[in-house]
1. Among 499-507, 185-193, 266-274, how do they line up from the highest to the lowest mean number of other beta-carbon atoms within 10 Å?
2. In whole Hz, with x marking every Gly and Pro, tabulate ³J(HN,Hα) for the stretch 369-381 from phi via Karplus 6.51 cos²θ - 1.76 cosθ + 1.60, θ = phi - 60°.
3. Tell me which residues come under 5 Å, amide H to amide H, from residue 557 once H is placed; ignore anything under 5 positions away on its chain.
4. Which of the lysines could be linked to residue 435 by a straight reach, that is with a Cα gap under 21 Å, when you skip same-chain ones fewer than 8 residues away?
5. With viscosity set to 0.692 mPa s and temperature to 37 °C, compute the Stokes-Einstein D of the stretch 262-341, Rh being the Kirkwood radius across alpha carbon pairs; µm²/s, no decimals.
6. How would you rank 49-55, 224-230, highest first, on the average number of other Cβ atoms within 10 Å across their residues?
7. What Kirkwood hydrodynamic radius, in Å, does the stretch 13-317 give when the mean of 1/r is taken over all pairs of distinct Cα atoms and then inverted?
8. Under the Karplus relation 6.51 cos²θ - 1.76 cosθ + 1.60, θ = phi - 60°, what is the ordered set of whole-Hz ³J(HN,Hα) values for the stretch 328-343, x standing for Gly and Pro?
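A short reminder: the numbers here are calculations on the coordinates, not readings from a lab. Since the model is a prediction, treat every value here as computed from it, not as a measurement. Reconstructed Cβ throughout: ideal geometry from the backbone, glycine too, with neighbour counts over all protein chains shown.
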Amino acid sequence: MFTSLVNWRNWRLPVKLAAVLIVPVTIAVVSGVLQIHSHMVRADSYAALQRLEKVRTALIPVIEGVQAERRAVAEGTGPQVLQDQVRRTDEARQALRAAIGKATLSDVVTARMGDVHAKIERLPALRAQTTDVPAAVKEYTSLTESMLDVDEVLASDFGDATLSKTAMGLHHALHVQEEVLYQQAVVLSGLTRGLLAQAEVRSLVESNVKLSYIAGQFAALATPQQLSSYWTGFNGPDIEAQRRMLSAAVLHPTSDSVAAGGTRPRPLPIAAADWTRASGAVADSLDGVVQGLQTDLRDTVNRLRDETSDAAGTASALLFASLVLAGSIGFVVGRYLLRSLNALRRSALDVAWEKLPEMVATGRGSTDVEPVPVHTTEEFGQVARAFDAVHQQAVRSIVEQAGMRANMRNIFVNLSRRSQSLVERQLKLMEELEKFEEDPEQLANLFKLDHLATRMRRNNENLMVLSGGDVARRFTRPIPLTDVLRAAAAEIEQYQRVVVHTAPGAEVVGYVASDLVRLLAELLDNATAFSPPQTQVEISASIEAGDIVQIDVVDRGIGIDREALAVVNGRLEAAGEGADVQVFREMGLFVVGRLAARHQIVVRLDAQQGKGTRAIVLVPAELAPRREESWESFRGEAIEEQTTQMTTRVPGQHMSWFDAPAASTPPPPARQTPESARGFLDAFQRGVQKGLPDRQESR
């Protein structure tokens, strides 16, 4: 497994494309996932800020409720008005608890909220104590400042730069409003008593200084639109009236100066209604600023959350689209590459296994090649055109080679025909000489020359078979199987060693008989050549299942080993398929294979090491049907024997080339008269003429 991974050159093309795309796709996916995660984190943070904004929105009514209770206590409006305000404050506290339960607060906010809850727990007792108004105002103010501290901590949790200024501006606006309402409550408390105490005057001065400082901080953080809204409320006639009355209250003698001077100062020269209206108008104008800042903060938080959520969704969609696009492009490009390669592969295999072998086998075909179906101009198209050029050159070479082979075959055919014609003329001349030869020894020599010429004719016919031509010497009538076996034995040099066994009653059709004779003659020639000269070669025939004629040629040689036997049988098959001739010892087997394939005859060799070789020839039933009755006329006219007990060939004896050969040892020469020799030749010629077609010349 590790070796296949390391050897990347052998990876399949889709794997290589995937390996090329995996790195950028992985980087893109990781970057996209990180970006989406960042947007989601920011969206979650803005969602948390939304919850904090809701907590601040719920905290402001509680602050306003406590401020309203403080004003009611300072103004002395009566218990009914205070109870109504207490109810509204408690409702605001319930809403604040619900908002806090939905939000996640920091430890600092939680600690500050604990202080606020502790002070709120003292509100019932504070509401019941309405006699000491300055002390009640001080307690209410302390509670309000604690809640403003909580608001400041909440504002500091808005860490986003876009939100932090608005959040702190809102806190400063609430603080300015608190100072205005605190001044309102202190002055109302003094108006109720007629004079202010020295401590109250000092707290008013401090409050005024604090108000100016907080207003400066607000101006430093607020936007131009927020500043415009703020200064609009602080530049009206109400703010001027509030400032004049506040200055008069601060500058007026306090109640603490009675003991020092001995006389009681006059009451504050301020109408309670005018002070309440002017300070209330200033507080209302600040309330508009606060509401505007709340709206800006809420809208900004919602917008930022929506933007980040949309950005996360857009990034997810873009990432998915990018992956789909990359996958589609990779699929399309990979499919194109694979289709181009498959087209090249199919074309190459078709040319290698179909077209070129067919042209080589037939020697025919058009020189115009079919181009590879890749018609682009890039590298694959260039490879396809290069392969077309190679195919074109191969076709031209095959056509040229086929022409050369045809020429060589024609040359061999012509040479074979000329040589065969010369041999036929030689045989005819020898027959004429044999007719008039009276010397028995000379006649025997002529017979030997006649047999050598017969073998030369067989070699010429083999050359014709190897050249792909057809042999003219054919029979026109069915030939008994026994005569075919004898004729094959008579065609070889060592015919004396061949023992022909009686064959079953079957006849070989005429157009097959001559080729079967040559086939068996080659097998017998091999058997005698590759076996000891003192041994015999047996040829026999039998009819097997399906009326198939089986002919066996058995020698007593050294045999063939299994590997060589498989090679020889393979060459017999290859000869039938048109393979090249083995230009040495297997040429006879090639002729056998060609002749067998011509008539669908099966030839196989079987051998055992040291026990000889057996050639098996299977002739189909339609080529050698069973003989219904004997056909004796084919064997020639019988002549009377001049001697009844004769072990050697004597003049006048009937002797056909289909007859059984002589004994294994040649007979001793005997003196014959010219008349007996002439009678023998006449009988020999008549027998041969009976077995040949009418158009065939006799030897």
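1. Values: 499-507: 17.3, 185-193: 22.2, 266-274: 13.0.
Result, highest mean Cβ count within 10 Å first: 185-193, 499-507, 266-274.
2. My calculation for the stretch 369-381 gives 8, 7, x, 5, x, 10, 10, 8, 9, 7, 4, 5, x Hz in order.
3. 612, 613
4. Candidates past the 8-residue exclusion: 448, 690.
5. 168 µm²/s
6. Values: 49-55: 21.1, 224-230: 15.1.
Descending mean neighbour count gives 49-55, 224-230.
7. Working: mean 1/r = 0.0458 Å⁻¹.
About 21.9 Å, per the Kirkwood formula over Cα pairs.
8. With the stated coefficients, the stretch 328-343 comes to 5, 4, x, 5, 5, 5, x, 5, 4, 4, 5, 5, 5, 5, 5, 5 Hz.
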